[in-house]
Amino acid sequence: MRESQLNQGGASLANCIWRWLATGFFFALFGIGGLLLSLIWFNLLRLIIRQPDRLHRMTLNSIRSSFRFFLGGLRLVGVMDYRFTGDEKFQQDTGCLIVANHPSLLDYVILASQMPRCDCIVKEALLKNPFLSGVIKAAGYLVNSGSDALLQACETRLQAGGTLLIFPEGTRTVPGDPLTLQRGAANIALRANCDVRIVHITCQPPMLTKRGKWYQIPSVKPQFVITVADKVKAEDFLYESDLSPALAARRLTQHLRTELMRGNTQDNEK
């Protein structure tokens, strides 16, 4: 019995070391891949494709394919695994706001790998990142500079048929802390009068959290479960008796918080 336990302990330690090395490799690969896309592939596309709309579609398709390759590598070497439920619903989401909770650094990569089109709001600080800034500019992602112009840009993108992904927490969730949403997502949805698709993400055990470093890997392989839930209509939260649009934003934000928390509770109980 003791020998069996020692063998299991050795196998577990070897697995942790392997996943630690593989995580570091893929972490570096992600940055280098972003740089190569910016310097080589996107410039090549600009030389070949002259139509702006087609160029934008090809750019987004290239990013989605790169993310699928990256996630496939992580799954193949045993760093993590993931599965979607209801991802076929993304095919219906033209001119739709996608809201999701944000437990891990990989959330955007996982969602963008599956969505037919994924516009995104990114932090302004990422424009200073040499590995990601070129990808952000080529994809035409919206930059959260804290100005009122962002609301107008989001409305324009949604009305043009874009699918806008936003994490209404504004940052990654701290494990164990209550879910706190900002009203930005609700304000965008109400201004654009669009549908809102709710997505629940769980990761057990936690990986690449807000306070965790890339090298702090869990003892066992993390499992991501992404559940694409139903849509709600922003207009359903507008009441004729409202004295201020802020009341509708508050109601919609509370509804999103309730749905995201309920989705996470249901997934954790499975």
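The values are calculated or read from the model by the stated rules, or taken from the named source; none is laboratory data. These numbers come from a predicted model, not from an experiment. Quick reminder, even Gly has a Cβ in these numbers, built from the backbone with ideal geometry, and neighbours come from all protein chains shown. Please note that ligands, DNA and RNA were not included when accessible areas were found on the heavy atoms of the full protein model with its side chains. Shrake-Rupley method; radii C 1.70, N 1.55, O 1.52, S 1.80 Å.
Before moving on, here are some points about what is shown:
- Complete set of residues in the stretch 155-186 that are of a type in the set (Ser, Thr, Tyr) and over 18 Å from the mean Cα position of the chain (by Cα): 156
- Residues (charged (D, E, K, R) and either in contact with a strand residue (DSSP E or B) (Cβ under 6 Å, 6 or more places away or on another chain) or in a helix (DSSP H, G or I) (or both)) located in the stretch 32-50: 46
- Scan of the stretch 136-154 for residues that are open to solvent by 20 Å² or more (accessible area, probe 1.4 Å), among the hydrophobic types (A, V, I, L, M, F, W, C) and within 17 Å of the chain's Cα centre (by Cα), ordered by number: 143
- Sole residue being open to solvent by 40 Å² or more (accessible area, probe 1.4 Å), of a type in the set (S, T, N, Q) and modelled with pLDDT of 90 or more, chosen from 163, 202, 258, 253: 258
Condition check ((1) more than 30 Å from residue 185 (Cβ to Cβ); (2) of a type in the set (Asp, Glu); (3) open to solvent by 10 Å² or more (accessible area, probe 1.4 Å)) across all residues:
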| site | (1), (2), (3) |
| --- | --- |
| 27 | no, no, yes |
| 46 | yes, no, yes |
| 52 | no, no, yes |
| 64 | no, no, yes |
| 73 | yes, no, yes |
| 81 | no, yes, yes |
| 85 | no, no, yes |
| 96 | no, no, no |
| 110 | no, no, no |
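- Residue 126 part of a helix (DSSP H, G or I), modelled with pLDDT under 90 and closer than 25 Å to residue 69 by Cα: yes
- Hey, residue 104 under 14 Å from the mean Cα position of the chain (by Cα) and of a type outside the set (D, E, K, R) or not: yes
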